[in-house]
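The values are calculated or read from the model by the stated rules, or taken from the named source; none is laboratory data. Everything numeric in this text was worked out from a predicted model, so none of it was measured. Here the Cβ is made from the backbone with ideal geometry for all residues, glycine too, and neighbour counts use every protein chain on show.
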Amino acid sequence: MTRIRATCPDCGEIELQPDDIELRIIGNDPEDVRDGSTYVFSCPNCDDEVSKPADARIARLLVSGGVRVQCLAPDTATGAPAGVIEHPEGTVNGAPLTLDDLLDFHELLNSPGWFDSLLQLTN
């Protein structure tokens, strides 16, 4: 089983398993790591949540060790993580569209009666 060494600010060096860590990448995938990327874990000794910066090298090491990855694509205008989108009617929370979402939408638009189905959803 893979063991990953990390440092807790209070307890010093600790050992974790891949399931204990989450890599949060500001970018589109682990090969596209940008400033603000972090890895987060709960210290097994003191139970504090620890967040550390993750550069491209650390991200590659964590991914190769089996750590789960959450990609937060930056907003092109503001550089903020995706999921918080400025909208005239207020802030909208949600994940950005994926290619699968776009393909599903394309299939829906090509199906007969898609507009009637849409109208039924709004009533």
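Close Cβ contacts (under 7 Å, 6 or more residues apart or on different chains) running from residues in region 94-111 that are modelled with pLDDT of 80 or more to residues that are surrounded by 10 or more Cβ atoms within 10 Å (Cβ to Cβ) comprise 108/114. Scan region 32-73 for residues that are at pLDDT below 90, closer than 13 Å to residue 4 by Cβ and part of a strand (DSSP E or B) and the total you get is 1. Contact map, region 31-42: first residue closer than 14 Å to residue 67 by Cβ, second residue modelled with pLDDT under 80 and in a loop (DSSP other than H, G, I, E, B), Cβ cut-off under 6 Å, separation 6 or more or different chains; pairs are 33/27.
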